[in-house]
Every structure is written in C-alpha cells, then in structure tokens.
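Data block below; observations after.
None of the figures in this text is laboratory data; all of them are computed from the coordinates on show. Remember, predicted model here, so these are calculated numbers, not experimental data. Note: ideal-geometry Cβ built from the backbone for every residue, glycine included; neighbour counts use all protein chains shown.
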Amino acid sequence: LLHNNALSYSLRTSYVEPIYKNNHFLEMVLSLSGNNRNSVKDQFTMDSLSNDYIYDNEYSNKLFNNMYTEQVELNYRWVSEKIDLTAGGSVLATQTHSKTYYGDMLARDTLYNRFNWSPNLRFKYKFGRKEFARVNYQGNVNQPSIQQMEPVRNNSDAMNETVGNLGLQPAFRHNIFAMYSRFNQEKFSSIMTGFRATLTQDALTNNTIYDTTGKRYMQTVNADMLPWNLGADFMSNTPFC
C-alpha cells in the first residue's frame with residue numbers, strides 16, 4: 001500500500017520605486033514558498049510458516065520531506081521612447097529537511113541547505129511603431145529532488161534498483177532568446193525571426209550501471225559536459241492580393 005500527499009504554498013510581494021526622471025525604476029521582489037511532501041509505503045510479505053501476510057519492516061518505509069525557499073530579487077529598469085531595459089538578479093536560499101523511516105525505526109534525518117544566485121536581462125529596442133528587436137537572458141536553478149538524493153528502498157523490481165546521490169549539486173541553466181519583428185501596415189505583411197539557446201551547468205542526468213548478473217543500478221549525477229540546445233524560427237506573412 002502506497003500513500004502520498006503534498007501541500008504547497010507561496011507568497012510573493014513586489015515594490016517599484018521611481019529613482020530618476022520617472023523613467024528609471026528600481027524593483028524589489030520578495031518570494032517565500034514551501035512544499036511539504038509525505039510518502040508512506042506499507043508492504044506485507046507472505047510468511048511461509050503461517051501462510052499469512054506479515055508486515056515487512058525492511059521494505060515498509062515512510063519519507064517526510066519539507067522544503068522551504070526564500071528568494072530576493074532586485075531589478076533596475078530604464079524606459080525611453082525607443083529603449084526598454086531591465087537588468088538585475090536574484091538570490092535564492094533553499095532548506096530541505098527529510099526523515100526516512102523503515103518500519104518504525106528512524107533510518108536517516110537529513111538537512112540540506114542550498115544558496116544560489118541568478119542574473120537576468122531583458123532588452124527591447126523600438127525602431128518604429130511596428131518594428132522592434134528584443135533580447136532576453138535569464139539564469140535559473142534546478143534543485144535536485146529528494147527522491148534523486150535519497151530514494152527509499154524498493155524491491156518491487158529485483159533487476160532494477162535506484163541509488164541515491166547525496167552529493168548532487170543544483171543545475172544552473174543559461175537561457176538566451178533574441179527576436180526581430182516588423183509589420184508593414186500598408187502592405188499588411190509581417191516578418192518575424194527568432195533565436196534561442198540554452199546551456200546547462202551541472203546538469204542532472206541519469207547514470208546506469210549493470211552488474212555481472214544483469215541487474216541495473218540507476219543514479220542521478222551531475223553531468224561532466226555542458227549540454228546545450230540551439231533553435232531558430234522564421235515566419236513571414238503577406239496577402240496574396
């Protein structure tokens with residue numbers, strides 16, 4: 001028998017202050033969030049002596065996980081007739097507390113603390129009323145889940161076993177997006193082209209090992225290489241007549 005439940009909650013507040021000539025602004029954002037997750041697995045095994053099912057203390061387990069996140073963001077924004085620029089960054093602190101029980105015995109009580117920062121940049125330039133270019137950069141952090149770091153025992157598949165990795169580091173992703181758009185109102189035609197790229201440091205990836213019996217062990221690790229993705233878009237619209 002497996003029972004899971006989760007409770008999530010968050011609070012976000014922001015404040016914008018004009019600092020110069022009503023087109024220079026300072027934005028401050030505070031975010032608080034929490035995630036409480038519980039997983040209870042009650043497993044019963046057939047007893048050969050009594051021919052009855054008994055409670056299995058080795059594979060019956062309980063996992064209680066609480067994660068709290070505090071984020072402070074500070075941005076500067078400059079707005080003019082042609083330019084809209086936002087630059088800043090955020091600081092993110094995360095605390096993860098988990099308890100693992102096998103049967104009624106506490107097997108592990110762990111507390112993880114993570115501290116990360118993430119920059120961001122948004123730039124838009126207006127060539128005219130119907131023509132503009134935009135460049136966005138944002139960095140974000142992907143925290144490993146508690147299941148990746150500390151999975152509970154599971155014998156439901158004897159040939160496959162998941163192994164936890166307490167040394168996992170958060171992955172950091174760089175996201176870049178650029179686009180150009182123009183609309184010709186007289187000809188009722190438009191053109192749009194875009195480019196996007198992502199680069200991930202310490203990416204979370206699965207590592208698989210087989211032993212001599214063919215049993216497979218799976219573990220999440222931080223990638224040694226830097227996975228990246230590139231993409232481009234082009235669109236043109238024009239009437240036939």
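Between the exposed loop cleavage positions of the chain, defined as GluC sites (Glu not before Pro) in a non-H, G, I, E, B DSSP state with at most 10 neighbouring beta-carbon atoms within 10 angstrom, the longest gap is 82-185.
Most mobile of 11, 32, 204 per a Gaussian network model of the chain (Cα springs, under 10 Å)? Between 11, 32, 204, it is 11 that shows the largest mean-square fluctuation.
Annotation: Cα Rg of the chain relative to the compact-globule expectation 2.2 N^0.38 Å equals 1.46. Cross-link reach is defined here as a Cα-Cα straight distance under 23 Å, omitting same-chain residues fewer than 8 places apart; for residue 99 the lysines meeting it are 41, 62. Stokes-Einstein diffusion for segment 1-45, with the hydrodynamic radius set to the Kirkwood value over Cα pairs and evaluated at 4 °C in a medium of 1.567 mPa s, equals 89 µm²/s. Along its first, second and third principal axes, ordered by size, segment 95-209 spans 75, 33, 23 Å in Cα coordinates.
For residue 33, the shell of other residues with beta-carbons less than 10 Å away shows a net charge of 0, using +1 for Lys and Arg and -1 for Asp and Glu. 3J(HN,Hα) along segment 119-127, derived from phi through the Karplus expression 6.51 cos²θ - 1.76 cosθ + 1.60 where θ = phi - 60°, amounts to x, 8, 8, 10, 9, 9, 10, 9, 7 Hz, with x in place of Gly and Pro. A cut-off under 13 angstrom between Cβ atoms defines the neighbours of residue 14, and their net charge, with Lys, Arg +1 and Asp, Glu -1, is -1. Each peptide in 85-95, 105-115 was scored by the mean count of other Cβ atoms within 10 Å over its residues; highest first, the order is 85-95, 105-115. Working from Cα pairs under 8 Å separated by at least six residues, relative contact order for segment 21-80 is 53 percent.
In the chain, the DSSP-assigned H stretches of four residues or longer account for a calculated mean residue ellipticity at 222 nm of 0 deg cm²/dmol, using -39500 (n - 2.57) per stretch and the full residue count as denominator.
Percent of alpha carbon pairs in segment 84-134 separated by more than 18 Å?
62
Result for the chain in a Gaussian network model with C-alpha springs under 10 Å: among 215, 62, 99, the largest mean-square fluctuation is at 215.
The residues packed around residue 210, meaning those with a beta-carbon under 12 Å from its beta-carbon, carry a net charge of 0 if Lys and Arg are +1 and Asp and Glu are -1.
Obtain the radius of gyration and the Kirkwood radius of segment 16-144 from its C-alpha atoms and give Rg over Rh.
Details: Rg = 25.7 Å, Rh = 19.3 Å.
Dividing the radius of gyration by the Kirkwood radius yields 1.33.
For the chain, what is the relative contact order in percent, using Cα pairs closer than 8 Å and at least 6 residues apart in sequence? Show your work: numbers first, answer last.
Details: 594 pairs, mean separation 29.3, N = 241.
Here the relative contact order equals 12 percent.
Here the dipole of segment 79-216 is about 840 debye; that uses its Cα centre as origin and unit charges on the Cβ of Lys and Arg (positive) and Asp and Glu (negative).
Using the alpha-carbon centroid of each, what span in Å lies between segment 37-60 and segment 178-241? Comparing the Cα centres of segment 37-60 and segment 178-241, I get a distance of 45 Å. Note on residue 82: lysines with a C-alpha under 19 Å away, same-chain residues under 8 apart excluded, are 21, 124, 126, 130. Sparse packing (at most 11 other Cβ atoms within 10 Å of the Cβ) combined with a DSSP loop state is found for the following chymotrypsin sites (Phe, Trp or Tyr not before Pro) in segment 124-188: 188.
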